[in-house]
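Scroll down for the structure; my scribbles are underneath it.
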Amino acid sequence: MIRLLHISDLHFGTVDTRLPEAVEAIAARLPPDAVIVSGDLTQRARAGQFDAAAAWLRRLPAPVLCVPGNHDAPLYNLVRRLAAPFAGYRRAFGPAEPGLTLPGVVVQGVNTANPLVWKSGILRRSSAARLAQAFAAAPAGAMRIAVLHHAPVPAADGTPADMADPPATLDRLAATGAEVVLSGHTHMPHSGIAGQAQGMLFLQAGTAISTRRKTGSNDLSVIEVAGPDLTLTSWVAPEGGAFAPRPPMRFRRQDGRWQALGAG
Ligand SMILES: [Fe+2]
């Protein structure tokens with residue numbers, strides 16, 4: 001069994017100071033085989049914010065795979081945004097599209113942030129090709145997990161996908177061979193919201209530690225993969241209080257489709 005800790009939208013610069021230690025404590029107790037961060041590590045892509053995010057992630061007891069979000073490219077400095085949008089991100093975290101192979105699991109991250117429009121996302125052909133390549137090279141039977149900041153599916157409350165051409169993006173993503181898609185961006189306390197489309201299971205996380213709560217809560221996900229089975233446990237912290245686990249949701253992948261096995 002492989003256990004992933006999925007956190008998102010850290011937004012260093014607007015961190016609720018009560019929360020980082022709480023996440024560290026959960027991580028220490030689990031502990032995960034890897035930590036996945038689906039973008040927006042900073043609030044304004046400033047060097048100090050990247051440094052603070054990197055320093056905090058180093059405190060977590062597992063390798064970290066992260067991808068940039070729209071907030072990790074400068075918003076106000078147009079010259080820097082267009083000339084070298086991810087220079088600060090790369091200085092702190094290295095490649096914007098990293099991969100990670102664990103026993104029975106292949107994780108590939110891609111950069112969906114689009115500096116031209118800043119907020120809305122895009123799945124570039126080069127990113128789709130990177131996903132396809134990673135998943136084609138995956139050992140037989142390994143779960144293929146894509147990590148994106150933006151997802152081409154609606155948010156927990158039905159808000160439409162904040163991404164260029166969601167139907168075409170969904171097709172492009174399905175063609176890569178992705179089976180699970182982890183994302184962030186919407187800041188709703190919706191770890192544990194699972195959408196299924198074209199054989200993919202979409203698991204979205206809200207903001208783990210930022211005060212930029214959309215509906216009052218922070219959250220994170222614990223994802224356990226064993227063969228074709230995936231168990232998702234959401235931890236939710238209302239109003240910056242203590243994180244508490246929700247009942248686990250279980251899924252099984254069979255014949256190229258996901259089946260919800262219910263809670264417990
Ligand atoms: Fe965000």
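The values are calculated or read from the model by the stated rules, or taken from the named source; none is laboratory data. Model, not experiment: these values are computed from the prediction. When we count neighbours, we look across all protein chains shown, and the Cβ atoms used for this are built from the backbone with ideal geometry, even at glycine.
Looking only at residues in the range 102-150 that are modelled with pLDDT of 95 or more and in contact with a Pro (Cβ under 6 Å, 6 or more places away or on another chain), the one that is farthest from Glu179 (Cα to Cα) is Ala113.
Return yes or no: is Leu232 at pLDDT 95 or above, within 20 Å of Ala161 (Cα to Cα), part of a strand (DSSP E or B) and not aromatic (Phe, Trp, Tyr)?
Numbers: at pLDDT 95 or above: yes; within 20 Å of Ala161 (Cα to Cα): no; part of a strand (DSSP E or B): yes; not aromatic (Phe, Trp, Tyr): yes.
When the stated conditions are applied, Leu232 does not pass them.
Among the residues of the range 160-175, the ones that are within 14 Å of Leu201 (Cβ to Cβ) and either crowded, with 18+ Cβ neighbours inside 10 Å or more than 18 Å from the chain's Cα centre (by Cα) (or both) come to 2 in all.
Take the conditions (1) free of Cβ contacts under 8 Å to residues at least 60 places away in the same chain; (2) under 24 Å from Ile223 (Cα atoms); Leu102 misses just one of them, which is (1). Out of Ala128, Ala96, one residue alone is in contact with a helix residue (DSSP H, G or I) (Cβ under 8 Å, 6 or more places away or on another chain) and in a loop (DSSP other than H, G, I, E, B). It is Ala96. For the range 94-141, a tally of residues being on the phi > 0 side of the Ramachandran plot and surrounded by 13 or more Cβ atoms within 10 Å (Cβ to Cβ) returns 2. Contact map, the range 59-84: first residue closer than 22 Å to Ala151 by Cα and within 16 Å of the ligand (Cβ to nearest atom), second residue among the aliphatic types (A, V, I, L, M) and part of a loop (DSSP other than H, G, I, E, B), Cβ cut-off under 6 Å, separation 6 or more or different chains; pairs are Pro68/Ala96; Asp72/Leu41; Asp72/Ala45; Ala73/Ala45; Pro74/Ala45. Each residue in the range 191-218 was checked for being within 13 Å of the ligand (Cβ to nearest atom) and surrounded by 22 or more Cβ atoms within 10 Å (Cβ to Cβ), and 8 of them qualify. Out of curiosity, is Val23 part of a strand (DSSP E or B), under 24 Å from Gly216 (Cα atoms) and not polar (S, T, N, Q)? When the stated conditions are applied, Val23 does not pass them.
Among residues of the range 10-45 being touching a residue at least 40 places away in the same chain (Cβ under 8 Å) and in contact with a Lys or Arg (Cβ under 7 Å, 6 or more places away or on another chain), the one that is nearest to the ligand (Cβ to nearest atom) is His11.
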